[in-house]
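Enquirer: Have a look at this one before I ask anything.
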Amino acid sequence: MSRAPRSRRVLLPAAVSTALTAALLTAAAPPAASYDVVGPAWRDPDITWRIVEYSQRESLRGKQRQVERLVGRAMNEWSKASRKIRFRKVGGGHADIEIRFVTRADRIATPHDASFRSPFDGPGGVVAYAFFPPYGDLYFDDEENWDLTPPARRRTLPQASGSRGQDLYQSALHELGHSIGLGHSDDPRSVMQADVTGRHFLGRDDVRAVRALYERRPRTR
C-alpha cells in the first residue's frame, strides 16, 4: 500500500562536533536487514500481468500505452534484482497480476476475503494497493492526479510542493514489491518504505529482500 508523502524535518544545533555527528549518523543508520518478507513467492517465475481497467480520468484518456510502459519498466526493475523472476504481459484471460484503476466507490473483489473493503479515500492518503501472492492484483486510486513522467536518471526525485501529481511509476514500483511477496521496509533508502517517496530505483534492502524470497525459499503458485 502506498500513501501520499508526509513532511519530515529534523532540526539539529548549528554547531555539532564531528564525533557527535558520526554518532548520530551511526544511530540513524538502518539495520542490515530492514525488509519484511511476507511471501509466499510465486512458484512459476514467469509472472503474467495485464491492465484490466484503465483510468477514466480525462487527463489519462488515450494514454494506455504510456501507462503500460511505465508499469513494465517498474517490473523490469524487480526482474533485474533477481534472475528467478520475470514478468510477461498477456493480452487477455486471467493474469497473475491484474491491474485496475478504481475509486473508493468501486468494490474490490478478492477471492480470499469477501468482506474486504476498498482502502481508497479520495485524493491523497492511500494512492495504490496490491495483494500478496498467490493473488498479486494491483489497484491504483483513480481519484488521484497521476503523473506519467518516466523514471528519473538519478536515484531520487525531490518531493516538491505543487508537483504535477502522484508519481505512477514510483507507486507501481512499490506496489509490485507487494505483488511479489514483500512487505514494508524500515530503510529510508528502500522503495518498500510505507510512504510514497521519490525513489525510482531499488535500494540494497529491496534487492536483499527479493533475493531472500526467491532464491532461498520454496515458491507457490
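The values are calculated or read from the model by the stated rules, or taken from the named source; none is laboratory data. Bear in mind the structure is a predicted one, so any value in this text is a computation, not a measurement. With ideal geometry, Cβ positions are generated from the backbone for all residues, glycine too; neighbour counts draw on all protein chains shown.
Enquirer: Could you tell me which numbered condition residue 162 fails, if it satisfies all but one of (1) modelled with pLDDT of 95 or more; (2) assigned to a loop (DSSP other than H, G, I, E, B)?
Expert: Residue 162 satisfies every listed condition except (1).
Enquirer: If you check residue 99 against the conditions, is it in contact with a Pro (Cβ under 7 Å, 6 or more places away or on another chain), of a type in the set (A, V, I, L, M) and either within 17 Å of residue 132 (Cα to Cα) or at pLDDT 90 or above (or both)?
Expert: Working: in contact with a Pro (Cβ under 7 Å, 6 or more places away or on another chain): no; of a type in the set (A, V, I, L, M): yes; either within 17 Å of residue 132 (Cα to Cα) or at pLDDT 90 or above (or both): yes.
Here the answer is no, as residue 99 does not meet what is asked.
Enquirer: Restricting the first residue to region 119-140 and requiring it to be in contact (Cβ under 8 Å) with a residue 40 or more places away in the chain and at positive phi, which pairs with a second residue that is of a type in the set (Ser, Thr, Tyr) and surrounded by 20 or more Cβ atoms within 10 Å (Cβ to Cβ) meet a Cβ separation below 8 Å and a spacing of at least six or different chains?
Expert: 136/179
Enquirer: Ok, one more. Pairs needed: first member in region 199-218, exposed (fewer than 15 other Cβ atoms within 10 Å of the Cβ); second member anywhere, of a type in the set (D, E, K, R); C-beta distance under 6 Å; at least 6 residues apart or different chains.
Expert: If the second residue must be of a type in the set (D, E, K, R), the pairs left are 215/84.
Enquirer: How many of the residues in region 22-52 are over 15 Å from residue 206 (Cβ atoms) and modelled with pLDDT under 60?
Expert: Summing the residues that are over 15 Å from residue 206 (Cβ atoms) and modelled with pLDDT under 60 in region 22-52 gives 8.
Enquirer: So how many residues does region 38-96 have that are touching an Asp or Glu at 6+ places or on another chain (Cβ under 6 Å), among the polar types (S, T, N, Q) and without any contact (Cβ under 8 Å) to a residue 60 or more places away in the chain?
Expert: 1
Enquirer: From (1) at pLDDT 90 or above; (2) buried (at least 17 other Cβ atoms within 10 Å of the Cβ), pick out the condition that doesn't hold for residue 134.
Expert: Unmet for residue 134, out of (1) at pLDDT 90 or above; (2) buried (at least 17 other Cβ atoms within 10 Å of the Cβ): (2).
Enquirer: Checking residue 71 against (1) at pLDDT 95 or above; (2) more than 22 Å from residue 202 (Cα to Cα); (3) not hydroxyl-bearing (Ser, Thr, Tyr), only one condition comes out false. Which one?
Expert: Tallying (1) at pLDDT 95 or above; (2) more than 22 Å from residue 202 (Cα to Cα); (3) not hydroxyl-bearing (Ser, Thr, Tyr), residue 71 fails exactly one: (2).
Enquirer: Let me ask something else about it. Test of understanding: among 65, 117, which residue is surrounded by fewer than 16 Cβ atoms within 10 Å (Cβ to Cβ), more than 29 Å from residue 208 (Cα to Cα) and modelled with pLDDT of 95 or more?
Expert: 65
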